[in-house]
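For reference, the structure discussed in these notes is given below.
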Amino acid sequence: MTSWCSTPALTPDERLEVLDLFNRTEIELAREAIDEGRRRTVVHRGVGEHWLDVAGGHVRRYALLNEGEPASVEMCGGGVDVSLLAAILARHDTVDWWTRGEHESLGGTVVRTLHLLRVALPVTLEHTVAPIGDVRTFDPDTDALAWLAQNNAAFADHPEQGAWTERQLEERLREPWFDPSGFFLLELDGRLAASCWTKVHELHPDRFGEIYVVAVHPDFRGRGLGRMMVLHGLDALRRKGVTSATLFVDESNAPARALYESLGFTLERADSLIRFSAE
């Protein structure tokens, strides 16, 4: 019998068991076990509504709920568990549940879909865009505040990417994977106009690259800067020896999807956010 329980903070032993569960799940599924932000909560001993399924003194399954309007939850592995859903809805009137790839239909309403896209490197195009201005790499000591302002303006209405704080950026800059040589900035007219932050998944068996964040300030849209920065990022990933690159894009963002498709990206997986409400 499944027995889920929740805690606001993991004990040291629980934290290590959850991290081990993440690692084993990623090996089994050959993909991420849980959203990067939720993984970071566990790694950095963050407070949250941690849900554990424990049997024989060991953590068998794990999920993390983040407070919000409504609250959102994801289970390690990306599935939906009926007993966990019932336990959460006993506390929360409504919950948004992230699923990864195909999932069993349990009702609810899909309120958002993210597409995971992939492209083989190198990307060769018949027509490319000419560079506009000089692209340089990010300096954590001098560029953090300017990049935050540019990023937050570009994603003002985005549920995850907008309204980043200095602390949220600093957490990412301290991650083992962070490499400033893969973080590019474009200045125009003395202002930060666009950026492209890339990431290499060094510990993944396939060692692939990712367009982690690409952003164009609203004042500079319509100049082809997004396309130029993505191409710059993909070329930098190629030079680091990776043979494919991924990115996430909202299904509803038709202009961005069209851009990525024009560069050769194809759909690898669709992730859904499903809203469940208590009866």
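Is at least one residue of segment 214-235 under 29 Å from Leu273 (Cα atoms), within 16 Å of the chain's Cα centre (by Cα) and not in a loop (DSSP other than H, G, I, E, B)? Yes. For segment 20-38, residues that are surrounded by fewer than 17 Cβ atoms within 10 Å (Cβ to Cβ) and more than 16 Å from the chain's Cα centre (by Cα) total 7. Identify all residues within segment 123-152 that are within 22 Å of Ser181 (Cβ to Cβ) and free of Cβ contacts under 8 Å to residues at least 40 places away in the same chain; write none if there are none. Residues satisfying the conditions are Asp141, Thr142, Ala144, Leu145, Leu148. Among the residues of segment 14-47, those that are acidic (Asp, Glu) and either in contact with a strand residue (DSSP E or B) (Cβ under 7 Å, 6 or more places away or on another chain) or at pLDDT below 95 (or both) comprise Glu14, Glu17, Glu26, Glu28, Glu32, Asp35, Glu36. Among the candidates Leu237, Leu185, the residue that is in contact with a Lys or Arg (Cβ under 8 Å, 6 or more places away or on another chain), at pLDDT 95 or above and assigned by TED's automatic domain parsing to the domain that holds Asp157 is uniquely Leu185.
For (1) β-branched (Val, Ile, Thr); (2) closer than 23 Å to Leu114 by Cβ, each residue gets a yes or a no:
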| residue | (1), (2) |
| --- | --- |
| Ala163 | no, yes |
| Gln168 | no, yes |
| Glu187 | no, no |
| Leu192 | no, no |
| His201 | no, yes |
| Asp206 | no, yes |
| Glu210 | no, yes |
| Val213 | yes, yes |
| Val230 | yes, yes |
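When segment 131-183 is examined, which residues are found to be loosely packed, with under 13 Cβ neighbours inside 10 Å, touching a Leu at 6+ places or on another chain (Cβ under 8 Å), among the acidic types (Asp, Glu) and not in a helix (DSSP H, G or I)? Within segment 131-183, Asp134 is the sole residue that qualifies.
Of a type in the set (Asp, Glu), in the same structural domain as Ala154 (by TED's automatic domain parsing), closer than 25 Å to Arg100 by Cα and buried (at least 19 other Cβ atoms within 10 Å of the Cβ): which single residue out of Glu210, Glu261, Glu251 fits that description? Steps first, answer last, please.
Values: Glu261 fails: buried (at least 19 other Cβ atoms within 10 Å of the Cβ); Glu251 fails: buried (at least 19 other Cβ atoms within 10 Å of the Cβ).
Of Glu210, Glu261, Glu251, the one residue that is of a type in the set (Asp, Glu), in the same structural domain as Ala154 (by TED's automatic domain parsing), closer than 25 Å to Arg100 by Cα and buried (at least 19 other Cβ atoms within 10 Å of the Cβ) is Glu210.
Residues in segment 202-211 that are assigned to a loop (DSSP other than H, G, I, E, B) and under 13 Å from the mean Cα position of the chain (by Cα): 0 in all.
Just so you know, in segment 220-241 the residues that are in contact with a helix residue (DSSP H, G or I) (Cβ under 8 Å, 6 or more places away or on another chain) and surrounded by fewer than 20 Cβ atoms within 10 Å (Cβ to Cβ) include one that is nearest to Leu148 (Cα to Cα), and it is Arg227.
The values are calculated or read from the model by the stated rules, or taken from the named source; none is laboratory data. Computed from a predicted structure; not experimentally measured. Quick reminder, even Gly has a Cβ in these numbers, built from the backbone with ideal geometry, and neighbours come from all protein chains shown.
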